[in-house]
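Peer 1: Take a look at this one; I'll ask things after.
The values are calculated or read from the model by the stated rules, or taken from the named source; none is laboratory data. Quick caveat: nothing in here was measured; it's all calculated off a predicted structure. Note that we place each Cβ from the backbone using ideal geometry, even for glycine, and neighbour counts take in every protein chain shown. Heavy atoms of the whole protein, side chains included, go into the accessibility calculation; ligands, DNA and RNA do not. Shrake-Rupley method; radii C 1.70, N 1.55, O 1.52, S 1.80 Å.
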Amino acid sequence: MAVTAQADDRPRAAEAHRVIAPAFDPDFYRATYADLPADMGPLWHYRMAGWQEGRDPAPWFSVERYLTAHPDVAKAGVEPFSHFLGHGRHEGRDIFPSRHAAAYFGQIGWTPDPWSHESFAASQAPATVGGRRRRVSAPPLTPEEHAAVAAEFDTAFYLALNPDVATAGMDPLEHFIRTGWLEERDPNARFSVLDYLENNPDVAAANINPFAHYLTAGRAEGRSPRHALGFRYDVIARLKPVEARIAEAAAASARLRADPPGRLAAALGKIGDLHITLSHDNYVEHSGGLQFCVRREAEQFGRRGVAHLHLYPAVPWPAVRAADEAGPLGVLLNGRRLGFFTPEAVRDALRATAAGPGRRSFAIHSLLGHGADAAADILAAAGLSDGFFWVHDFASLCVGFHLLRNDVEDCAAPPADSAACRVCAYGPSRVRHTQAHRRLFERLNITVVAPSQTTLDFWRAHGDLPAHDAVVLPHARLEPRKTARKPSADRPFRLAYLGMPTPLKGWPVFRDLAQRFEGDPRYEFLHLGGAPDPTAPAAFHRVVVTAEQPRAMQDTLEALHADAALIWPLCRETFSFTAYEAAAAGAAVLTGPDSGNVAAFAADPGIGRVLADEAALAAAFASGEILTLGRGPRKAMLYDLAYSGMTGDLVA
């Protein structure tokens, strides 16, 4: 689908959310797509990335088949579910059930006709919002309390997060005052109903509107509108043990049926030159940095006439599989899905081709979801022992591949028997996971490939896997252009956030900064990504990067004359495409010290600045010191990005 880059606003986002939310089935989405980020709700994920990856919003609706049946919708590049709900059903357009519907209905023990009126009507009912309900009624507000709430109530924010209110035609302020706070719905981006009630049991016991209490009394008493621990508290509260994630993945995998082995053997029977890759997912259906890398690698080998076989776990898995954790592999041949097959079927099909003509090579981009011994058996059956292992993340050092203790704090990969591991959710599974990587390295002759020297140095210092060799091959490099764009200096300093608004990538840091300096004439805040988040007062511009338009982010940043980009991940990045895209567009890269290669990249004064912590970042904006990084004062340079051919550059 073509890339688009366009300005957007909160009302437009609220309208899209309003149309989709009542018909969206979050239980189906969670059950069907087990790889959802832990810090993102199903509806937000679908709107931001899921529909573009072919994920279905409800058992009765297939994104892929709707776009195929209605090419005008596909050509227009619009989200298909909202198109059907807002236009298509009134035009009599055909819809088709999800291919996952039968499995889902079987899982929940229900056998409806997905085409029935009753099934469709049930899916249209407004979803329950707010989770736990503390009470069903409360005393009315006084006139003074009502006026105070009305003065600080954010209507656009409330409608964007609560589309059922707009659907019902209710006044959002009155809805919040009468029932919304009872359902733990927030009145603006700065106040959390749930946090305030949990932090102030006297307010909860009094059964009064927490926002009204905060505005008329709590604020003056020094009470906080949110948890003092901030977004990290929320991340920890949602953290799920690895064992529980594995159990969920195993249950989903058990429901899949592998395809007949003969189908795979027939497809591979006449292959000559072949390159095999392994990763954690289907790089065609999913988007992201690693997937972009595998896609470029496939294209590089394709230009040489080499076939590309990609293997991935049919169900996303949070660790390397143990021997007793069986499950099928998804198989792609030159980007086309052949089906789901057992590891044994893949091994046998490749063994039958090993004696044929042609050269073989392999690259492991991720071992997550694969059995180490099964993977080694498959490669050996293809006649392979020498190959490459990419350090896209640190999964070879810990099952918590971001190296974040409990998903919020950099841990720097301490020894597995350390006290630091004993207090981390990933600690109990770490040894099993790393030992599996060791078995793979001992059976194969592996060259480790890191996308940056910083990453390779860290990997060597904190692990001892028996690699045959190690090399550095950056995913991209900056090539200076001869011209530099110099916008006028009579405008505010523009700070941009790039990509999906998740805690892992630093969205809460950007959001808090935008909230703090909202209305400050020195600054403007921009969000470039797939979908907006109304919690940040930032101008949203829709930007989706695809294989067809890899420069979408860079071009939009350049067109908007962004002065800087906040690249503030919680984890150590091994490379960071967004940092390079920002620098290429002439934006300074602002980051923290624990961001891995981003910090190493931004340490160059011509590229950006590394700040000590979030307090130092806020202080630089408060004092105006950050203004020295404006495009004009810095005499920003523009670059082109030259991408590598990945393993294709390493295989002769």
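Peer 1: Could you do me a favour and compute the accessible area per residue for the range 515-602, 1.4 Å probe, result in Å²?
Peer 2: Values: 2370 Å² over 88 residues.
Accessible surface, normalised per residue, equals 27 Å².
Peer 1: Hey, can you find the accessible area per residue of the range 364-451 for me, probe 1.4 Å, expressed in square angstrom?
Peer 2: Values: 2840 Å² over 88 residues.
Per-residue accessible area for the range 364-451 comes out at 32 Å².
Peer 1: So, for the range 220-307, what is the accessible surface per residue at a probe of 1.4 Å, expressed in square angstrom?
Peer 2: Numbers: 4480 Å² over 88 residues.
Result: 51 Å² of accessible area for each residue.
Peer 1: Near the amide H of D386, under 5 Å away, which other amide H atoms are found, from residues 5 or more places off or on another chain, if H is placed in the peptide plane?
Peer 2: The list, which skips near neighbours in sequence, is N445.
Peer 1: Sum -39500 (n - 2.57) across every DSSP H segment of at least 4 residues in the chain, then divide by the residue count to get the 222 nm mean residue ellipticity, nearest 500. Intermediate values should be presented prior to the final figure.
Peer 2: Working: 30 runs with 242 residues, N = 652.
Calculated at 222 nm, the ellipticity per residue is -10000 deg cm²/dmol.
Peer 1: Skipping prolines and chain starts, which residues have an amide H placed within reach, meaning under 5 Å, of the one on Y523, given they are 5 or more residues away or on another chain?
Peer 2: Answer set, sorted by chain and number: F493.
Peer 1: Still on this structure: Picking from L444, L397, Y283, whose Cα lies most toward the positive end of the charge dipole for the chain (charges on Cβ: Lys, Arg +1; Asp, Glu -1)?
Peer 2: Sorting the options by dipole projection puts first L444.
Peer 1: Could you give the length gained by full extension between L473 and L239, i.e. 0.36 nm per residue of separation minus their alpha carbon distance, to one decimal place?
Peer 2: On the way: separation 234, 0.36 × 234 = 84.24 nm, distance 3.40 nm.
Stretched out fully, the L473 to L239 stretch lengthens by 80.8 nm.
Peer 1: Further question: Working with all protein chains in place, sort C411, C293 by solvent-accessible area computed with a 1.4 Å probe, largest first. Mind showing how you got there, number by number?
Peer 2: Numbers: C411 30, C293 0 Å².
The most accessible residue leads, giving C411, C293.
Peer 1: A follow-up question, please. Is there a quick way to get the dipole size of the range 165-232? I mean about its Cα centre, with the Cβ of Lys and Arg at +1 and of Asp and Glu at -1; what is the value in debye to the nearest 20? Provide the component values of the computation, followed by the final result.
Peer 2: Details: 7 positive and 9 negative charges, 49 e Å.
Using Cβ point charges on Lys, Arg, Asp and Glu, the range 165-232 gives about 240 debye.
Peer 1: How about K482: which aspartates and glutamates have a C-alpha closer than 12 Å to its C-alpha, ignoring those fewer than 8 places off in the same chain?
Peer 2: D640
Peer 1: Right, another one. Using the Cα centre of the chain as the reference point, and only Cβ charges (+1 on K/R, -1 on D/E), how large is the resulting charge dipole? Debye, rounded to the nearest 20. Write out the running numbers ahead of the final one.
Peer 2: Details: 66 positive and 75 negative charges, 252 e Å.
Taking the Cα centre of the chain as origin, the dipole is about 1200 debye.
Peer 1: Give the share of C-alpha pairs in each 20 angstrom bin for the chain, from 0 to the last occupied bin, in whole percents, shortest bins first.
Peer 2: Spelled out per bin, shortest first, that is 17, 50, 30, 3, 0.
Peer 1: Continuing with the same structure: Go through 623-629, 555-561 and give me the packing order, highest mean Cβ count within 10 Å leading.
Peer 2: Numbers: 623-629: 15.0, 555-561: 19.7.
Per-residue Cβ counts within 10 Å, averaged per peptide and sorted highest first, yield 555-561, 623-629.
Peer 1: Please report the antiparallel percentage of the DSSP beta bridges confined to the range 280-416, to the nearest 5. It would help to have the intermediate numbers written out before the result.
Peer 2: Working: 12 of 15 bridges.
Roughly 80 percent of the beta bridges in the range 280-416 run antiparallel, per DSSP.
Peer 1: With a 1.4 Å probe and all protein chains left in place, how much of the accessible area of the chain comes from carbon and sulfur atoms, in whole percent?
Peer 2: Values: 14690 of 27310 Å².
C and S fraction of accessible area: 54 percent.
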